[in-house]
Structure formats: C-alpha cells, structure tokens
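Following: one structure in structure tokens, then a few remarks.
Coordinate-derived values only; no laboratory data. As the structure is a prediction and not an experimental result, all values here were calculated from the model. We place every Cβ from the backbone using ideal geometry, glycine too, and count neighbours over all the protein chains shown.
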Amino acid sequence: MRLSGPGAAAIAANVLDLPATTEWIGWRSFLAVLPDEQGAAVDHVVVTFFAKPRSYTAEDVVEIACHGSPVVLRHCLERACRAGARLAEPGEFTLRAFLNGRIDLPRAEAVRDLIEATTLFQARVAARQMEGAVSRRLAPWKSRLVELIALLEAGIDFADNDVEFASSGEILSRLAPLLAGLEKLAASFSYGKLVHSGFTLAIVGRPNVGKSSLFNRLLEQDRAIVTEIPGTTRDTVSESASLFGIPVKFLDTAGIRQARDVVENLGIERSYQAMADADLTLVVLDFSAPLTEADTVLLARARESGRVLAVANKGDLPRRLSLEEAHTVVSALTGEGLETLRRSIGEALGLSGELAPESGFITSLRHEQLLRESVEALGNARTAVELGIPHEMLLLDLYAALRPIDAITGATTADDILNRIFSTFCIGK
C-alpha cells in the first residue's frame, strides 16, 4: 500500500506499530507490525520512506509491503483511511508526479502504456518513453522553433538597436529542417500505432486450400478444426498471439465459394467483412492446383479492401500454380517457409528491419494529431515568408506551431522567449 502527501509518515505511524527507534529517513526501509483493532499482530511488514522531492510523486511517500493476502491489504487500507488518508483516484499518483514537475506529459502517458502492455516489446517501448525517448526526440525541434521565434521577436522589438532582421532566405533555411523533422516524427505513428494497438491479420481463400492449417501454424497451436472436407470452417475464428513482439489478432475465415446454404453464406459474408476490417489480408492459394477464376476475383477484392499478401500453401506437393501471384510459398503441413512468411508479413506492414524502442517513435494518436497541427502551421509560415508577409504576421503562424508542441512537452513561457533573445543577441551590451 502506498501513501503520498505531507501526512504520509504521520498516517503510517498511526496505522502501524513502529519500533521505538524509528527515524523517517529518505530511501530507508525498516520492519513494523500491522495490528488489528485490539492491538494483536496481523502481519509483519516492510516500510519504505521516500522523502520529497526524491519520490515518484515529488511528495513524501510511504510504501507498506504486506505479505499479499487480500484480507490483510484491505485491513491495512481501512486503517489508513480511518487515520486520515483517502483512496487515490485512477492515475492520481502519476498525475501528482506530472503536476509536481517530476515527469512530463509524454512520460506520464507512457506509464499508462506500460500498464496496458501485453507483450514484452510493448513494455520495453513504454519503459523507453517513460525515460523520455519521445521528449528527447522532440526537444531539439522545439528548441529550434523557439530560437526562430526569438530571432523574429528581437528583430521587431529592437529594430532601432542595430539588430539585423532575419532575411527570408535565412527563415526558410530554418523552417525546412523543422518541417522535415516534425513530419518524420508524425509519420512514425504509422509504426507506433501498430506497436501500441497491435494489428489484425485475416486469412482468406477458397475452401480446402489450407487456411485453418496455416492459421494453426502461425499460432503454434491447434486452434481451428482441420479436416479434408472442404468448407469445414463455417464462421470466423479469432485468436490473439504475438508477432515481432506486437499483439496480433489472427482471423481464420470461412472458405469463399458459391454458398450452399444460409449458414455458409453468412460465414462467407463475415469473411469479406474480416478482409475489410483487417490491417493485412493473407490470401491463401493452392500451390498444387492452377490459379482459378475464384482466386483471381478474391485477390482483386482483397486488394480493394487494403494491404494484401498472397501465399501459396501446400508447398510440399508438386507445383501447378504460377508463382507470379504468390509472394511466399509455405507448407502448413511441414512448416517450410513459415519464417519467410512472417518476415513478409512484417515487410508488408512496415515492421521490417531492426525494431528500436529507444528511437522515440510516436505511439499516441493525440501526439500525432498535435504534430500534424504544428506541421500545418509551419507550412503556413513558409508560405507567408514566400509571399513576403511582415514578420509580425509570420509570428502568428510560428506561435500556432509552438502551441501543439507545448501541449505534448509542456508550456513555453514568455520568459523562455526573452531569455533566448537576451542570451543569443548582444542588445545593449
């Protein structure tokens, strides 16, 4: 149980029987007794004290480590509330850390991502962002933007003090890398979104081409029923797994053909819907049979729905399929070609190459939208410079570009601008 606030130590002393020699020294632990209402020992606990500001919330924090029984923990919590504490609101400890300047907003959001992580790679990405990976990548661009604003402000405010105005060429040369850098960071969301939320992979094809067998192979478990009877899968079967450390929802769909009854027709309609909703569709072809008109129609429809990867299954049998349509040949029976298929899936989704959680890519839709706003404002500023609009008006666009960045990293104050002006230019000596 964790207590945070100016009364944390006093409440802990009220809840526990502490040794007579107890001293509340920061970053120290000691043993104590958790008693019941009659004073009898319920548990022996470890108490750790974190003195402000060197704690998670930048306030005095006391952590009471019980042995884990829900009954004991509830008793400890009830005693603390009777002693003057209250239950924390969801996310309140991290909110206090942010409000007290212990962490910035991207790091606070990364705490939530770490809690919600379902794979080790997601946890590593969130941990890097908690350490400031996004903030570090954004900081140089914010600094350049503030420098440009300071340059123009100085030119306007101190025009009579022989401070040289920035030329249009210089302003454009400063805007160009800013635009490129922020656009690249915003574009990283296409990858970060997959890392944060995972992706959906639909497996479609004609009956009896081995969709369910391939589905089971990719999952590395027998999840779907497999028989030699065409049309065994009558409905969409879904299962979640991890690929490249990213959560994947695999969808095994009903074989697409001319439906023979109402139930099969409903399954086929769900197959088409799965194609439309998926981030990537695997169209499974039969390596041991020529390409049919049904295959061609299905490939065309899948391409209309989004990203498609054609895979030829039954690679252990004699080839009768032209390989012009197939990106990869596999055998769900023997496992041959499965690793190549996994790499092809990664390449199709832009996940190929070395995955670097420390690179500071964007995983938050909020961040991506704010960066797009900033890029749009910088584009307006570039147009204003090219049209020869006065610097007073140009500054409006630059401040409009700075505000979304501030919404990510924290506000830029007027003092920040003034300090940059006076540290950069020799005004009045």
Table column - 3J(HN,Hα) (Hz), segment 238-244, Karplus curve with 6.51, -1.76, 1.60, x for Gly and Pro: 10, 7, 9, 8, 10, 9, 6
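At a 10 Å Cβ-Cβ cut-off, how would you order Phe215, Phe250, fewest neighbours first? Provide the component values of the computation, followed by the final result.
Details: Phe215 27, Phe250 23.
Ascending number of Cβ neighbours within 10 Å: Phe250, Phe215.
Rounded, prolate or oblate: which fits segment 2-90, taking a ≥ b ≥ c as square roots of the Cα gyration tensor eigenvalues, rounded meaning a/c under 1.5, else prolate when a/b beats b/c? Write out the running numbers ahead of the final one.
Working: a/c = 1.75, a/b = 1.27, b/c = 1.37.
Oblate, since a/c reaches 1.5 and b/c is not below a/b.
Order these by the 10 Å Cβ neighbour count, fewest first: Thr296, Thr340, Thr57, Thr119. Mind dumping the intermediate values first?
Working: Thr296 11, Thr340 14, Thr57 24, Thr119 18.
With the sparsest Cβ surroundings first, the list reads Thr296, Thr340, Thr119, Thr57.
Which order results if Val125, Val62 are arranged by neighbouring Cβ count within 10 Å, fewest first? Provide the component values of the computation, followed by the final result.
On the way: Val125 29, Val62 25.
Sorted ascending by nearby Cβ count, the order is Val62, Val125.
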Efficiency of FRET from Cβ geometry, Arg144 and Glu347, R₀ 41 Å, rounded to 0.05: 0.75
Rounded to whole Hz, the Karplus (6.51, -1.76, 1.60) HN-Hα couplings of segment 168-185, x for glycine and proline: 4, x, 5, 4, 4, 5, 7, 6, 4, x, 4, 4, 5, x, 6, 5, 5, 5
5 angstrom amide H check on Ser55, placed H, neighbours 5+ away: none
Segment 18-64: GluC sites (Glu not before Pro) in DSSP coil with no more than 15 other Cβ atoms inside 10 Å: Glu23, Glu37
Cut-off under 5 Å, modelled amide H: who pairs with Arg28 long-range: Phe49
Estimated distance in nm for a label pair at Arg372 and Arg307, the labels positioned 7 Å out from Cα along Cα-to-Cβ: 1.8 nm
Cα gyration tensor shape for segment 73-133, rounded if a/c is under 1.5, else prolate or oblate: oblate
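Set the Förster distance to 51 Å, then compute FRET efficiency between Val71 and Arg270 from the Cβ-Cβ distance, nearest 0.05.
Numbers: r = 47 Å, r/R0 = 0.92.
It comes out at approximately 0.60.
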